[in-house]
Amino acid sequence: MSVLTGEPESSVSGPRLRLALLVAAVAVAVYANTLSYQFLNYDDPWQITQNPYIRSLSWTNLGHILTRPIYNLWLPTTMLSYALDCALWGLSPRGFHLTNVLLHAGCTVLVFLLACRLVGGRFWPTLAAILFAVHPVHVEAVAWLSARKDLLSTGFLILSVLAFFRWWTGARGAWVWYGLSLLAFLASSRPSPRRTFFPCSCSAWRQCGRRVCAKRARTAGGRGGRSDRAGS
């Protein structure tokens with residue numbers, strides 16, 4: 001069900017799936033030129049190139065990443081992503097930038113799915129996702145490797161919202177969705193503490209959805225009453 005319109009929401013298949021792939025392709029195309037970028041001297045050295053804890057996925061390094069701050073910052077999700085990049089690409093900046101571009105494309109698809117959940121239809125969710133993909137506010141997060149925490153935080157936050165809506169609408173295994181929403185929120189808040197507004201947003205969306213559903217129920221009831229009177 002769409003949270004703002006109260007309309008039933010269809011599954012992600014067929015045309016909607018093709019639109020999701022389209023907005024992802026737009027996001028990749030916009031930032032494909034960043035694949036030729038190098039590491040920067042601002043924060044990239046201590047987070048990536050000179051960070052000994054991302055050089056291998058050993059238990060010692062993983063334990064340090066997950067339990068201890070690195071240079072007074074505890075960013076386990078971000079550092080773990082760097083470690084995975086290092087395992088795949090070594091210290092090639094092209095591989096790190098490719099991950100950033102793919103993360104941005106993933107966030108764009110999640111924005112599309114969230115817009116589908118909020119307003120339904122195809123046009124407005126597609127427009128919202130494309131605007132998100134090309135908006136210059138994301139240049140720093142995508143082009144600067146040390147700002148990857150913003151991409152990860154955004155992605156986990158939207159996943160948390162989508163799981164929250166699944167729980168709220170009574171989907172099968174509702175409490176599993178609630179747990180997944182909580183876990184995704186915790187993952188989003190660790191890369192960037194600014195995401196702590198999420199509980200207030202969920203409360204506002206829930207109240208808004210209740211009012212929309214109540215209004216539609218009153219409208220439907222009024223129409224039904226008039227139809228009954230007309231039939232009699």
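Values computed for the structure shown
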| quantity | calculated |
| --- | --- |
| Identity of the residue in the range 127-164, farther than 16 Å from Leu80 by Cβ and of a type in the set (S, T, N, Q), that ends up modelled with the lowest pLDDT | Ser160 |
| Every residue from the range 130-140 that is surrounded by fewer than 20 Cβ atoms within 10 Å (Cβ to Cβ) and either in contact (Cβ under 8 Å) with a residue 40 or more places away in the chain or assigned to a helix (DSSP H, G or I) (or both) | Ile130, Leu131, Val134, Pro136, Val137, Val139, Glu140 |
| Filter result for the condition that a residue is within 21 Å of Leu186 (Cβ to Cβ), aliphatic (A, V, I, L, M) and free of Cβ contacts under 8 Å to residues at least 12 places away in the same chain, over Leu66, Leu80, Leu73 | Leu73 |
| Exclusive hit being outside any helix (DSSP H, G or I) and not β-branched (Val, Ile, Thr), set Leu127, Leu91 | Leu91 |
| Test: Arg148 is under 17 Å from Pro15 (Cα atoms) and touching a residue at least 40 places away in the same chain (Cβ under 8 Å) | no |
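The values are calculated or read from the model by the stated rules, or taken from the named source; none is laboratory data. Small disclaimer: the values here were computed from a predicted structure and weren't measured. Glycine also receives a Cβ, built like all others from the backbone with ideal geometry; neighbour counts cover every protein chain displayed.
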